[in-house]
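Beneath this line is the structure, given in structure tokens, with notes to follow.
The values are calculated or read from the model by the stated rules, or taken from the named source; none is laboratory data. Every value quoted in this text rests on a predicted model; they were computed, and no experiment measured them. As a convention, Cβ positions derive from the backbone with ideal geometry for all residues, glycine included, and neighbour counts pool all protein chains shown. In case anyone asks, the SASA skips ligands and DNA or RNA and just uses the protein heavy atoms, side chains included. Shrake-Rupley method; radii C 1.70, N 1.55, O 1.52, S 1.80 Å.
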Amino acid sequence: MPLRFFNTYSRQLEDFEPRDTGRKIAIYTCGPTVYSRAHIGNFRAYIFEDLLQRHLELRGYKVRRVMNITDVDDKTIRGAREAGIPLTESTAQFKEAFFEDIETLRIKRADEFPAATDQRYIDKMIEMIATLISRGLAYQAEDKSVYFRINKFPNYGKLAHFDLTQLQSTGRVKHDEYDKEHIGDFALWKAWDEEDGDVGWESPWGRGRPGWHIECSAMATALLGDQIDIHCGGIDNIFPHHEAEIAQTEGVTGKKFVRYWLHCAHLLVDGQKMSKSLGNFYTLPNLLEKGYTGREIRYALMRVHYRAPLNFTWEGMNEARESLARIDEWLTRLRETAAKRTGKEKNKTQPGQQFEQALDDDLNISAALGFLFESIRETNRAMDENELDAATATEWLNWWERVNSVLALEPVQESVSVIISTSGVEGKAAVGSGRVIIEEAIPPDVARLAEARAQARLAKDWRKSDELRDELSARGWEARDTKDGQKVTRRAGG
Ligand code: AMP
Ligand code: ZN
């Protein structure tokens, strides 16, 4: 089955056919508005996009992804004003927090993170607005702001499946933005007013600032070209943001802007969208403080299909923790089995293609995870019966590498420098050869082998000690015996 996605534009599952047959793909993802720390609802969207990118890469595509940073709009300006600090200072702290959070959640960094206030993009926005005016698609109103004329763009409403006549028939013609020709016309350039303080740029229409929608059109086309393969965001972005992006971009280029529009459903709390304005949100630090790890949060936000709403609950967090513990335990057992080089194989279990095939089907993560846990059950049963041989265990470990290139759930000890005392007494420096000194984050199975080796040395079982050193070495780790105890380090190039 070919790769296919549900395209919001057609409201249908469509086979994925990128523009470039050389398998290069351009993806644009709407990024954070940096007026506060992002909440985990926002991260549901970014984790879905991460899953998409990683799966495309597993399937051999070369992805170039851009994620913008909205660092000027009504909310950022209000935030800075309320804090009594310059806009750039206010947004800088939230940008930094955002990069910290995506790292904790193992979200791949985009190739570019353009900021809307970068003069290069402001110039591009002004250029696009000027073109739209010259084509009759935009006008400057009495309030000096520039608006997009939606009646002149026949495709307006196609993404949201929105009927313009309905908009006119709502009777909401009396609105406070009296300068606009049509209630649906949206701002491309907002004329400066007092509330903007020292935020503003010169333009052919006077001092002002860009509207949020034109920011994305300009940054997307500046970095990815006039046409891109995939554009993503949460469903709340469909209208008006993405509808406006299409109108502005296609109004300028005359070409189809985006091939596939992918939108994720919301993270909910008690049936309502998690959002800043409702106050029902958690940030990543809120959850880390409660003892959850970035990896657990990643799993909890990823495990449900992106088009299905996901309810945030503590029960769900604990289920994520349990699921990961099962994966960890399974990996440790597989590694031990692979190292044993014994065991008879009966009814050979074999990794298949089901995991990636499930993801080919519009990123069906629940089916993919279902297959992972079914495989875990099956191989655990075989290991219980001593019926999984080392070669098969290695095959499963290799399969896990592929799976994990998409899931990014590899267990890694979070600590950087730990000393494990095999005497059971932590911190007693003089345990001699019984101590294991680990100087960087290491996987738990390596820690266990090192500990077993320290124990063998305490028992003066030199043969076992050497065997365990070989096993560590086969995994790319070097055990050295120093006067402070056993030192385990990753071999250069290992
Ligand atoms: P914002 O910073 O509000 O522009 O949102 C950044 C991204 O997060 C957008 O793609 C939104 O659609 C998405 N988003 C916001 N709230 C949620 C939520 N509760 N669940 C999923 N995605 C969300
Ligand atoms: Zn956007």
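Pairs to check: Lys24/Lys273; Lys340/Lys487; Lys95/Lys487; Lys95/Lys158; Lys62/Lys348. Give those whose C-alpha atoms are more than 30 Å from each other in this structure.
Working: Lys24/Lys273 35 Å; Lys340/Lys487 23 Å; Lys95/Lys487 39 Å; Lys95/Lys158 33 Å; Lys62/Lys348 35 Å.
Too far apart for the 30 Å limit: Lys24/Lys273; Lys95/Lys487; Lys95/Lys158; Lys62/Lys348.
How high is the relative contact order of the range 284-407, in percent, counting Cα pairs under 8 Å that sit 6 or more residues apart? Don't skip to the end; give the middle numbers.
Values: 105 pairs, mean separation 38.0, N = 124.
Here the relative contact order equals 31 percent.
Relative to 2.2 N^0.38 Å, what does the C-alpha radius of gyration of the range 4-264 come to as a ratio? Two decimals please.
Expressed relative to 2.2 N^0.38 Å, the Cα Rg reads 1.01.
Compute the accessible area per residue over the range 284-407, keeping the other protein chains in place, probe 1.4 Å, unit Å². Present the calculation step by step, with values, prior to reporting the outcome.
Details: 5610 Å² over 124 residues.
I get 45 Å² per residue for this part.
Taking the Cα centre of the range 227-312 as origin and charging only Cβ (+1 Lys, Arg; -1 Asp, Glu), how large is the dipole, in debye to the nearest 20? Working shown, then result.
Working: 10 positive and 8 negative charges, 49 e Å.
Its charge dipole is roughly 240 debye.
How big is D, in µm² s⁻¹, for the chain by Stokes-Einstein at 37 °C and 0.692 mPa s if Rh is the Kirkwood radius over C-alpha pairs? The partial results should precede the final answer.
Working: Rh = 25.8 Å.
Roughly 127 µm²/s, to the nearest whole number.
Distance check, please: which entries in Lys124/Lys190; Lys108/Lys290; Lys75/Lys180; Lys190/Lys256 exceed 20 angstrom between their Cα atoms?
With Cα atoms farther than 20 Å apart: Lys108/Lys290; Lys75/Lys180; Lys190/Lys256.
With contacts defined as alpha carbon pairs under 8 Å and 6 or more residues apart, what's the relative contact order of the chain in percent?
Value for the chain: 14 percent.
Taking one equal scatterer on every alpha-carbon of the range 301-415, how large is log10 of I(q)/I(0) by Debye at q = 0.15, 0.23 1/Å?
-0.71, -1.35
Please work out whether the range 1-75 counts as rounded, prolate or oblate from its C-alpha gyration tensor, where a ≥ b ≥ c are the square roots of the eigenvalues and a/c under 1.5 means rounded, while otherwise a/b larger than b/c means prolate and anything else oblate?
The shape class here is prolate.
Using a probe of 1.4 angstrom, how much of the accessible area of the range 200-275 is carbon and sulfur, in percent?
50 percent
Where nothing but the Cβ of Lys and Arg (+1) and of Asp and Glu (-1) is charged, how large is the charge dipole of the range 4-264 around its Cα centre, in debye to the nearest 20?
Values: 35 positive and 42 negative charges, 231 e Å.
Dipole size: approximately 1100 debye.
Ignoring ligands, DNA and RNA, how do Tyr28, Tyr282, Tyr61 rank by accessible area with a 1.4 Å probe, largest first?
Tyr282, Tyr61, Tyr28
For the range 93-161, run through the GluC sites (Glu not before Pro) and keep only the ones in DSSP coil with at most 11 other Cβ atoms within 10 Å of their Cβ.
Glu142
Quick check: net charge around Ala130, other residues with Cβ under 13 Å of its Cβ, Lys/Arg +1 and Asp/Glu -1?
Taking every Cβ under 13 Å from that of Ala130, the sum is 0.
With +1 on each Lys and Arg Cβ and -1 on each Asp and Glu Cβ, how big is the dipole of the chain about its Cα centre, in debye rounded to the nearest 20?
Here the size comes out at about 1320 debye.
Can you give me the accessible area per residue for the range 4-125, using a 1.4 Å probe, in Å²?
Working: 5070 Å² over 122 residues.
So the range 4-125 comes to 42 Å² accessible per residue, rounded to a whole number.
First select every other residue whose beta carbon is under 14 angstrom from the beta carbon of Met274; then total the charges, Lys and Arg +1, Asp and Glu -1.
Overall, the nearby charge balance is +2.
Output ³J(HN,Hα) for the range 27-36: one whole-Hz value per residue in order, computed from phi by the Karplus curve 6.51 cos²θ - 1.76 cosθ + 1.60 with θ = phi - 60°, and x for Gly and Pro.
Here the 3J(HN,Hα) series is 10, 10, 10, 5, x, x, 8, 8, 10, 6 Hz.
State the Kirkwood hydrodynamic radius of the range 214-352 in Å, one decimal place, computed from all pairs of distinct Cα atoms.
Hydrodynamic radius (Kirkwood, Cα pairs) of the range 214-352 is 19.1 Å.
Give the carbon-plus-sulfur fraction of the accessible surface of the range 284-407 in %, rounded to a whole number; probe 1.4 Å, heavy atoms of protein chains only. Don't skip to the end; give the middle numbers.
Working: 2480 of 5610 Å².
After summing per-atom areas, the C and S share lands at 44 percent.
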